[in-house]
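Take a look at the following structure, please.
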Amino acid sequence: MSIPKAPPPSLRLRLDTQALADNWRALDKMSGAAEAGAAVKADAYGLGIDRVVPVLVKAGARQFFVAHWGEAVDLMAHVPAGSIAVLHGPCTDQEAAFARETGVIPVINSLQQAQIWRDSGGGACHLMVDTGMNRLGVSEGELGEDVLASLDIDFAMSHLASADEDSPMNGEQLQRFHEASRNISAKRLSLANSAGIGLGTDYGFDLTRPGLSLYGGVPRENLANRITQVAYPQASIIQTREVMMGEKIGYNATYTAPRKMIVATVTIGYGDGLLRCWAGEGALQHQGYSLPILGRISMDMISVDISNVPSLKVGHLVDFPYELRSSSLACGLSQYELLTCLGSRF
Ligand SMILES: *Cc1c(COP(=O)(O)O)cnc(C)c1O
């Protein structure tokens, strides 16, 4: 017997592809003379490489960044290998051989990676320089090493640690990147992530690398009126019931109905990204109405108060509020976490 196709899922993730394209164009414009690339690691921050990348390509993006080598394979279905950079770089001969074979561009993050890349036969690469974050990158003191002189470097890059804050570290890293770039023979330079674009065109160089803000994230105030929401998660009601005053709702009976209520059971829980931090003050929404979450979140479900919207019935979809900045403030998760924790059942 062949397995029939599953019925439509009860969780939906609507993507506003127009907003996605507009966000890329806005970030490209804010990048000044630099072109904007796109960070699409972690399956385009949870929204899906297959849905996101074609939209970005159409908008004009030409340089793509992933973290893991396996992610490059998914991306190659949409863009030429030479436009893909792998941020974690080659840690093994096998990874270097994969880059050589496919034409995917490795980001070299250490002298050891430079050696691995050279030993594999080398070719075009990018070089990450550390300017104070101490995460990935060759340190400034290592820039004179012979193994680096032998590399064919397209972009020399660095990464900002605190671009979402008005920290003196931003100016310091900018200065250090300028100095470092004089000691590297790279064709082009790249420094800014989304928040770095918000710091101004001094941070733009030849290429910017926005991720979060493509998907609606607002890490700096001056991006707020240029960036719009992209991801709209929705979940279905699978049961409604009347609950009398004094009755309990959910695990551990932590909620007691203060009055007679109409309560809906909705198909969204921990596995989908509705984490414990949403319980208490959190709410779903429907056409401008707030539907407060009642009691604990269950593994796969929540109970919400629909007393104000009695027209809601089994099968209706309700909204998980996902304007990233306000949701981040409401639930305490970072805007990055909000995107990447959305589960695969959407
Ligand atoms: C993830 C990443 C980016 C994108 O950062 P956002 O803050 O999401 O814009 C840019 N550059 C590097 C090196 C990264 O790892």
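The values are calculated or read from the model by the stated rules, or taken from the named source; none is laboratory data. In this text the structure is predicted, and so the values were computed from the model without any measurement. Reconstructed Cβ throughout: ideal geometry from the backbone, glycine too, with neighbour counts over all protein chains shown.
If I go through the stretch 1-10 residue by residue, how many of them are surrounded by 16 or more Cβ atoms within 10 Å (Cβ to Cβ) and either touching a helix residue (DSSP H, G or I) at 6+ places or on another chain (Cβ under 6 Å) or more than 25 Å from HIS316 (Cβ to Cβ) (or both)?
Of the residues in the stretch 1-10, the ones surrounded by 16 or more Cβ atoms within 10 Å (Cβ to Cβ) are 10.
When the remaining residues are screened for being either touching a helix residue (DSSP H, G or I) at 6+ places or on another chain (Cβ under 6 Å) or more than 25 Å from HIS316 (Cβ to Cβ) (or both), the result is none.
Residues in the stretch 1-10 being surrounded by 16 or more Cβ atoms within 10 Å (Cβ to Cβ) and either touching a helix residue (DSSP H, G or I) at 6+ places or on another chain (Cβ under 6 Å) or more than 25 Å from HIS316 (Cβ to Cβ) (or both): 0 in total.
Hey, GLU179 hits all of (1) in a helix (DSSP H, G or I); (2) within 16 Å of the ligand (Cβ to nearest atom); (3) in contact with a helix residue (DSSP H, G or I) (Cβ under 9 Å, 6 or more places away or on another chain) but one; which does it fall short on?
With (1) in a helix (DSSP H, G or I); (2) within 16 Å of the ligand (Cβ to nearest atom); (3) in contact with a helix residue (DSSP H, G or I) (Cβ under 9 Å, 6 or more places away or on another chain) applied to GLU179, the lone miss is (2).
Mind telling me which of the residues SER162, SER110, SER158, SER150 ends up being polar (S, T, N, Q) and within 11 Å of the ligand (Cβ to nearest atom)?
On the way: SER162 fails: within 11 Å of the ligand (Cβ to nearest atom); SER110 fails: within 11 Å of the ligand (Cβ to nearest atom); SER150 fails: within 11 Å of the ligand (Cβ to nearest atom).
Sole residue among the options that is polar (S, T, N, Q) and within 11 Å of the ligand (Cβ to nearest atom): SER158.
Within the stretch 203-226, can you find the residues that are outside any loop (DSSP other than H, G, I, E, B) and either of a type in the set (A, V, I, L, M, F, W, C) or within 13 Å of the ligand (Cβ to nearest atom) (or both)? Spell out how you get there, then give the answer.
From the stretch 203-226, those outside any loop (DSSP other than H, G, I, E, B) are 203, 207-208, 212-215, 221-223; that's our starting set.
Passing the criteria: TYR203, LEU207, THR208, LEU212, SER213, LEU214, TYR215, LEU223.
Can you tell me which residue in the stretch 194-206 is nearest to the chain's Cα centre (by Cα), limited to those that are surrounded by fewer than 23 Cβ atoms within 10 Å (Cβ to Cβ) and under 19 Å from PHE64 (Cβ atoms)?
The residue in question is GLY204.
I need every pair where a residue in the stretch 304-320 that is at pLDDT below 95 has its Cβ under 6 Å from the Cβ of a residue that is in a strand (DSSP E or B), sequence separation at least 6 or different chains.
PRO310/ILE262
Looking at (1) at negative phi; (2) touching an Asp or Glu at 6+ places or on another chain (Cβ under 6 Å), find the lone condition where GLY137 falls short.
Of (1) at negative phi; (2) touching an Asp or Glu at 6+ places or on another chain (Cβ under 6 Å), only one is false for GLY137: (1).
Does the stretch 80-98 include one or more residues that are under 20 Å from GLY217 (Cα atoms) and either loosely packed, with under 15 Cβ neighbours inside 10 Å or within 14 Å of the ligand (Cβ to nearest atom) (or both)? Full working, then the answer.
Start the filter on the stretch 80-98 by keeping residues that are under 20 Å from GLY217 (Cα atoms), which leaves none.
Checked the stretch 80-98: no residue is under 20 Å from GLY217 (Cα atoms) and either loosely packed, with under 15 Cβ neighbours inside 10 Å or within 14 Å of the ligand (Cβ to nearest atom) (or both).
A further question follows. Looking at the stretch 182-193 only, could you name the residues that are crowded, with 20+ Cβ neighbours inside 10 Å and assigned to a loop (DSSP other than H, G, I, E, B)?
Within the stretch 182-193, LEU191, ALA192, ASN193 meet the criteria.
Moving on. Looking only at the stretch 27-59, how many residues end up being under 17 Å from the mean Cα position of the chain (by Cα) and under 18 Å from LEU199 (Cβ atoms)?
Summing the residues that are under 17 Å from the mean Cα position of the chain (by Cα) and under 18 Å from LEU199 (Cβ atoms) in the stretch 27-59 gives 4.
Yes or no, residue by residue, for (1) touching a residue at least 40 places away in the same chain (Cβ under 8 Å); (2) among the acidic types (Asp, Glu); (3) farther than 27 Å from LEU284 by Cα:
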position: LYS5; (1), (2), (3): no, no, yes
position: LEU15; (1), (2), (3): yes, no, no
position: MET30; (1), (2), (3): yes, no, yes
position: VAL40; (1), (2), (3): yes, no, yes
position: ASP43; (1), (2), (3): no, yes, no
position: LEU47; (1), (2), (3): yes, no, no
position: ARG51; (1), (2), (3): no, no, no
position: LEU56; (1), (2), (3): yes, no, yes
position: PHE64; (1), (2), (3): no, no, yes
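Output the residue which, of all residues in the stretch 323-345 that are more than 16 Å from the ligand (Cβ to nearest atom) and in contact with a helix residue (DSSP H, G or I) (Cβ under 7 Å, 6 or more places away or on another chain), is nearest to ARG226 (Cα to Cα).
Residues of the stretch 323-345 more than 16 Å from the ligand (Cβ to nearest atom): 323, 326-327, 329-332, 343-345.
Cutting the leftovers down to in contact with a helix residue (DSSP H, G or I) (Cβ under 7 Å, 6 or more places away or on another chain) gives us 327, 331-332, 343, 345.
Working: SER327: 18, CYS331: 24, GLY332: 23, GLY343: 28, ARG345: 30 Å.
Looking at the filtered set, the residue picked out is SER327.
Checking ILE302 against (1) under 30 Å from ASN193 (Cα atoms); (2) in contact with a Gly (Cβ under 9 Å, 6 or more places away or on another chain), only one condition comes out false. Which one?
(1)
Which one of ASP28, ASP50, ASP43 is more than 14 Å from the ligand (Cβ to nearest atom) and of a type in the set (Asp, Glu)? Give the derivation first.
Values: ASP28 fails: more than 14 Å from the ligand (Cβ to nearest atom); ASP43 fails: more than 14 Å from the ligand (Cβ to nearest atom).
Of the residues listed, the single one that is more than 14 Å from the ligand (Cβ to nearest atom) and of a type in the set (Asp, Glu) is ASP50.
Can you pull out the residues in the stretch 147-176 that are assigned to a helix (DSSP H, G or I), surrounded by fewer than 16 Cβ atoms within 10 Å (Cβ to Cβ) and more than 27 Å from the chain's Cα centre (by Cα)?
ALA149, GLN175
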